[in-house]
Structure formats: C-alpha cells, structure tokens
C-alpha cells in the first residue's frame, strides 16, 4: 500500500489584519475631486447631523502588505490542494479557462440592467445552458436565480406556494413530505416558506417505504421533496411509485438532484415522474465552490409549473435573446437579478467541454471508483459501511461508520478529520444531521481523482486507524502539522467569550489580545 | 484496430485501462453491473442530445470568448446604471486574492486545515463591524434583499409580531425578495408588509405616516440610507427612536462605501443593519456579484436569531495562539433542519474575502476620500444634467451616489433617450417610468469614483445633443 506522504502546512503565525501597519499608511488612494467639480459643488455636502465624526477602526497598511497578508492566508488554506474526497459535494476540477473567461470585462463589467441588445453573448450562454439542462432532466424551463442548492429548494417551496395559491388551495395544502435522510435544506426551506414538515424515517432497505409515503401524503400535501440516490449511496428503486403516489394525492414532487453525478446521462427526472428538479452548478457542473459561494441552484420544472417561476426567464426569438419579466403568476423574486451569472457561464463551459459522451463517462467513473474505494475501505478493521446488511453496490458515494473503531480505541470521526490534514488530505465530510450511523464519514471519488489519489487517501485512513490503536492520543490531539493547533470550541456557545469582530474581541479578550493574538 | 476515445483532461480515470482495472478489482464484469441498484426501466428513454463536445481547451476558450464578445460592457461604454449593482473601482489585489485557487476551490475543511480562509472571513466581519460600529457581523447571505428578508424574520421572531413597515419608495427588486421572505397571507407565518409614504419634497420617509402606522403589532421598521432613489435619510435617528418607543426593531440598509462620510448606523440606534457587499471590491458580474450582510449589537436576543455563519475567534490548544470557528451554530438549518433559523447553505462567502481585502486596502482614510469623491462627483453630475434644457433633478442635493433625473420637460421618454445615449456609447440610468409613474419620465442615475469630471461632461454634452 502507498505510504502516506509527509506534509506540513504553511504556518506564518500571521497577525490579524487589524494588528498590521502604522498610522497614516495607505493601501489605496483616491484622487481629490477635480477643481471644476470642487468649485461647482463646494464643501459640506454631507449634512452635519449625519456626517461621520469618528474614524473607522480599520487597518492602515500598504498595498503590498495587504497582498502579502492575504496571500499568506490563502497559503494557510488547504482548499483541495491535496486530495479531497469530500462526499456530498462532488469535488471537481474547476477550469481555469472558464475562470479567466468569466473575469473578462465582457462579463465582469456587465450590468444586468443593460439593454438586452448589449447582453446577447451572456444571454446566448444562459439560453443554451437551459437547453442542456432540459436535455439532461426532461424539464421544460430552467432559471438560475437561486444562489445555491438550498436556495433552489426554497425556490421550489415558493413556486409550490404560487401554484397552490393560484388554485385556491394554499390554505389547505400546508404540508411538505420528505425523508429524514434528505439534505437539511429541504425541510428547512419548506419550513421557512411556511409549510409544515413531515419527515419519513428510513426503513430496513435504507429508504422510507412506499407505504409510509402513501400514508403521509393526502389532501393537505403541497409538495414532496426527495433526493435519490441518498448520501449513503442507496438508490430508491421505488421512486417511480413515489412520484405516482404524490400525484395520486394531488401533490407536487421535487427531485433534489444534489447527487446527480452517479446518474447523469442515465436518468431523466421527467421520465421518472417528477414535476421539478434542481442541479448544483458549483458541484456537479464544475463551477468552483469558493468556500460556500457564489453558487447556483439551477431550478427546472414542467411547463405546468413554469408560469410560477421567479422572473426573468431567458427567451429566444428568431436568434435574438430577451429577458421575459412579464410573468403575472410568478412566485416573486427569490434573489435580486438573474443569478450568479459567472458561475452559470463556468457550468456551461463544463458541460460543453464534457459533452454527452464525457458526462456519461464521468458517471460511470464516479460509481466504479466509489465501489473500488468501498472494496479497499472494507479491508481496514474497525470501519463499517452504513446499512451493512444491504449488500448491493452503492452509487457514487457511500456513508461509512467508524463506530467499531471508536468503541475499540475511543478515536472518532472528528479526530480522523483533524488528523487527515497532517497528511495533506482534506478533512472528510462526516454527515448531515441527524447522524444515522455512529461516527460517520462520507467519501466520494467522483471523476476527477485518479486511482492513485484514491489509493493514497485510503492509505492515510489505514494509517490513522493504526495510529488510533497504537497512539490514540496523537490522533485525538491532532492536527500537528497545520497552520494552527486544534481550535478549542468552548467559546463558540458562550456569549461572554465568543467574538465575531475585532471590536468584540478587544472588549472580551483585551488582555489576552495585548499579549499578541494569532 | 478501432481507435479508443482519448482520455479527457479533467478525468484521470478515463486513461486507457483504468476503469477496467478497477472493475476487475471489485469483481464486476461490466460498468452496467456496478449500477445494479437502478431498475432497468428507470433508465432514460429519450436519447441525450447535447451540443458537440469541446474537449480541447483551445476550442473551449475560443467559443467562450466568441460568445462573451457579443456583450457590450461598462468598461468600453460609459455607464450610469446602479440600482442594486454599482460600478466601483476593484483593486487589482482583490482580484488576485479571490482568484487564488485555494480560496476558489475549498469547500469546508476543518478549523485548522482551512485556517487562512477562516481568518479572512473573520477579518471581513471585523472590518465591516468597524465601518458599522457594531460588534456582530454574519458572513454574507445571497443578496441585500435576502439579508433584509432574514432580518425582518429575525425581528418577527424576537418580537412575536407579524408586520413590517417599509418605504413606499423601495427598490421593487429588493421589495419583491422581501415579500417572498414574508410569506403569502395564506401562511400562518405571514408577515404583513406595509408601506410608509415618502415626503414628496425630499424623497425621505414621511415621519407622520410612519408614526401613524407604528403600533403594538409592528415587528420592525425597515428603511435605507442612502435610500433606493439615492436620498440620505436625515431622520434616521428619529425613526429608530419612534420604532423603539413602539417596541419595534429598527432594521436599516446602508451602502458600506458611504460609511467613510456617513455616520455609522451602530451609533444612531439601528438594531439590525443590512446592506450590499458588492460595492466592497466585487465586480458587477451581470448581477452575479451581489451578496448581503447582516449585523447587530452583541446581544443574545439577536445572535441566537441569525440564520448563517457567525465566525468567532477562539483559542487553540497552543497557548497564546488564536484560531476561528462557528459560534452559535446549532441554530442553523445544518444543525436543526426545519427547526433552525430560516435556512443556510452555500452563499457568497468568496465575496467576504473580497470585502476583507478591499477594506484593508482602503483603511479609514481611503473610505473617507472615496465617500467625499463620490458625493462630489455625483453632485457635479446633478448640476451639469440639470443645465440641459428640459432636464430636472428631482431631489437635488439630498443624495449620495444615485439620484433621480426627470426628462418630462424634454418631451422624450427615458427609453428613447437611453436608446440614443446607447448608440453613442453611454448607458443612461435605470428607467423608473413604469415602476414609479408618479415620477413621470424619470431615471435613476448612478455616479461613483469611476466617473471622472470629463466623463460627466461627456454625458451632459451628449444628452444636450440628442435632445436638440
């Protein structure tokens, strides 16, 4: 087995930016108003009553010092510079070609209220990408307004509100049904939209039973929200019956396609009976995640739901693209403007670079690679697959448990995550709430990482499992080779000690700060 | 021998033989066998038809650039568009830092492995807190409208009341988002959105109307300074006092680039403060540069109601060393699902890093110079435009960077005027005639530090020519 690689992260002992610089230092100068401007407008343009009198307590540093400080911080960010098999997030290569294209002034310096005649390039990309997603899902219209997957779930809830209000049934259809294993954003956005949430438990096959769904849906159901496969890598083979059961109750059913990577090019949400679906462009479609956005949840639906979409929608008329704002039944805006357009452009670039053949191959690779990883992980004592009684091959990721190893050694999944970084491996994803198995972790290989990367990743897991038995304290006190030592979390829920700003830090920890923070 | 498809540059395991090797290791005869969970009749029947593959970087780049070149942009043209996205100078160092691959591609990591990003996030909160004079700042949400929506929901939970007062002269784009967040009347959680009239002589909030509408059922008053139409609210402290007297929260929207010259909202009674992050070093990005911040005093009644990520500084196991992590995180939807505070997820956190770099570059003097330059150039533009026959500034000398220009006296519509300007390489202000008919043929113009006096003279001169 490959030997884990020795690694030490950059450790700059970087001060806080507020601790840098000297009075009067400058990082950006602005010109004084031109003489003719000053002469025309005079002084005292801001009424004294609302003029700022204090000096904001900001750093005073040079341009180079700002650049150096933030370069140091970037160097103390592992990002995915090692090997990141961060499950549920489908880590992909983020094309620099697409990145640099999006930074060109023809996109970066474009205003969404420009006349559509001046936006034909970007509108042509949005329109073509809408067509690509329609082909992949069978839906009739996509919009990109949602700022992430959760926001696309919220879009679904808002569209459902408008749909049922238009039918005079919103007062009656007050419930959203989902699985306890669905991503938390589904129940959370439905609740924030005003729906009552019903969570179905998992049963012995690893998913809620059809009978449980049939019992839960009825005349009060507005919407069903479900992912498939789920984060344990289990595909619900009764999903066609689910869509039928939802429709039999008169309800809408939404496909959270967060886990699209293993089934892209193979399944069509529409053919399975769904009314709507969403894709995460910062995940499945190769746009960067940027530590949590800007992201895009592309939301698509059938023609029946399309009138309720948030405006605008991109239309094409005889080779000319336009923005349709005249949508009287629209659910209203989810977010200002039309979405994180540069991310849509990058996702379009990904889809164009992959093509249909590349997309199908990527789903093949991601599922085969996960099964290869499953096979290798099973050789490490102390690890256990979720629902180990289910012998079938999993999809593009598998939920694993360190439960047996934790019982044996006291070392758990958080300890592992901390320790992995010492080998240049990104801390793994554990699980969304609730934890269905003890000490969970969820690797996902996707199509980016090589077999050698996967082997190296597994070798690190095996090494840490050995350390858990031989020197558990070393794992529990990890990391040791990182920019900082283990962060002590007691302050995070203590109003007297948490500090979200430098101001609060000085107020609460002034004495310690004076001894030199960071 | 049939030629194999070439390996794809983004897929290591597309190299010849790799997939087959893994299949052999797992004892599967074919790829199809690995998909054993999916019933045969679930596979799509419609053939997947996509545009042809552009697997080479050469072809991909050519197509990208060819498409984008069909856009006109605000660098080659002279633009006076604002209204939620504004053209400001973006320092090159900001572009370098947000383009760093570590910051672009990270997903979460741990408090230690991604310490640098977490510190940058905290420095965003800290520096914005210094501009606002507030102790708690959350990492940004999707947009200013979303920030206002969350803030209103926070106020409703804090007060147990279900009505919010907003200015009648609100940005319809933001107001639409707010109405979405406030839920339709059929929902049990519906928050009634009631508008407060504007003083027709200044565009400012009509305090008499505000007082008449404040009552024991009002959760919050939301207003902006500078307001949607550019006006600086002189009665802000008075509005906050009136709201407080009625037991309502004061929620404010502010433009962070105004805070070098305008008083910090934490100093005049705002309870929850929101605003856009795009002005802090983010390109307009066709509207994809927006993000919204939420801030407040450091009181549990507020902190326990935030929906997203509150980054706190914290000690580490090494004495004297500090790291960062999430405070009060159990209340998020990640921890509490449908019982959490609204919801959170991917947001606009890269723009927090942009903002951190931007604020550190400007410093206190940079913000002061920037604010003074913007207000001077914007007032200069008002004077020059008002000198064009038939053109009138609706509320002169009350504004920061945006202002309303009325063209009724020209006999021409805003649409006609903007078409003529565009033909001459100028993007006129946002047309208000459909959304605010009472203002006649008016447009919202925006002037910032990127507009030189010569640019402004060119705009006025061009306007004069096309109106002749």
- request: Sticking with the crude label model, points 7 Å out along Cα→Cβ, report the distance from residue B:416 to residue A:325 in nm, one decimal please.
  value: 2.1 nm
Quotient of C-alpha Rg and 2.2 N^0.38 Å, computed over the range B:92-358: 1.00
Peptide B:305-313, shielding by other chains (average Cβ, 10 Å cutoff): 5
- prompt: With each pseudo-label sitting 7 Å past Cα toward Cβ, what's the residue B:57-residue A:452 distance in nm, one decimal?
  reply: 1.9 nm
message: Please compute, for peptide B:132-138, the average count of beta-carbon atoms on other protein chains lying within 10 Å of each residue's beta-carbon.
response: 5
statement: Exposure proxy check on B:446, A:185: fewest-to-most Cβ neighbours within 10 Å is B:446, A:185
field: Degrees, to the nearest 10: B:57-68 long Cα axis against longest axis of chain B
entry: 20 degrees
message: What FRET efficiency comes out for residue B:383 versus residue A:117 if R0 is 30 angstrom and r is the Cβ-Cβ distance? Round to the nearest 0.05.
response: 0.45
query: How far apart, in nm, are two points set 7 Å out from the Cα along the Cα-to-Cβ line at residue A:473 and at residue B:70?
result: 6.7 nm
- line: The distance between the Cα centres of the range A:56-134 and the range B:143-196, in whole Å, is 31 Å
field: Length-normalised contact order of the range B:286-439 in % [C-alpha pairs under 8 Å, at least 6 apart]
entry: 11 percent
- prompt: Going by alpha carbons, how many degrees (0 to 90, nearest 10) lie between the helix axis of B:144-159 and the longest principal axis of chain B?
  reply: 80 degrees
query: Within the range B:248-349, what percent of beta bridges assigned by DSSP are antiparallel, to the nearest 5?
result: 75 percent
message: How much length would be gained if the chain were fully extended between residue A:317 and residue A:378, taking 0.36 nm per residue of separation minus their Cα-Cα distance, in nm to one decimal?
response: 16.4 nm
- line: chain B: spread of alpha-carbon positions along the three principal axes, whole Å, largest first, is 80, 56, 52
query: Going by the alpha-carbon gyration tensor, a ≥ b ≥ c the square roots of its eigenvalues, is the range B:112-167 rounded (a/c under 1.5) or, if a/c is not under 1.5, prolate (a/b greater than b/c) versus oblate?
result: prolate
task: Let me know the shape class of chain A, please: from the alpha-carbon gyration tensor, a ≥ b ≥ c as square roots of the eigenvalues, rounded when a/c is under 1.5, otherwise prolate if a/b is greater than b/c, or oblate.
output: oblate
query: Where both partners of a DSSP beta bridge lie in the protein assembly as shown, what percent of those bridges are antiparallel, to the nearest 5?
result: 55 percent
message: Can you give me the C-alpha center-to-center distance between the range B:375-408 and the range A:284-315, rounded to a whole angstrom?
response: 38 Å
field: Nearest-0.05 FRET efficiency for residue B:211 and residue A:357, computed from C-beta distance (R0 56 Å)
entry: 0.25
Rounded, prolate or oblate (a/c below 1.5 giving rounded, otherwise prolate when a/b exceeds b/c) for the range A:1-158 by Cα gyration tensor: oblate
query: Can you sort A:494, B:114, B:431, A:415 so the residue with the fewest Cβ neighbours within 10 Å comes first?
result: A:494, B:431, A:415, B:114
message: Please arrange A:260, A:129, A:492 by how many other C-beta atoms lie within 10 Å of their C-beta, fewest to most.
response: A:492, A:129, A:260
task: Looking at chain A, send over the antiparallel percent of its DSSP beta bridges, to the nearest 5.
output: 50 percent
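What does the helix-only formula give at 222 nm for the protein assembly as shown: each DSSP H stretch with n ≥ 4 adding -39500 (n - 2.57), the total divided by the residues, and the result rounded to the nearest 500 deg cm²/dmol?
Working: 30 runs with 351 residues, N = 986.
Calculated at 222 nm, the ellipticity per residue is -11000 deg cm²/dmol.
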message: Can you bin every Cα-Cα distance in the range A:17-75 into 5 Å intervals starting at zero and give me the percent of pairs per bin, rounded to whole numbers?
response: 4, 14, 16, 15, 16, 14, 11, 7, 3, 1
statement: Here the gain from full extension of residue A:512 to residue A:209, 0.36 nm per residue of separation minus their alpha-carbon distance, amounts to 103.5 nm
field: Cα long-axis angle, helix B:349-386 against chain B (0 to 90 degrees, to the nearest 10)
entry: 30 degrees
task: Specify the inter-centroid distance of the range A:462-516 and the range A:370-409, based on alpha-carbon positions, in whole Å.
output: 30 Å
- request: Provide the FRET efficiency to the nearest 0.05 for the residue A:26-residue A:493 pair, computing r from the beta carbons and using R0 = 56 Å.
  value: 0.90
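Just so you know, all these numbers are worked out from the coordinates, no wet-lab data involved. Since this is a predicted model, take the numbers as computed values, not measurements. Backbone-built Cβ (ideal geometry, glycine too); neighbour counts: all protein chains shown.
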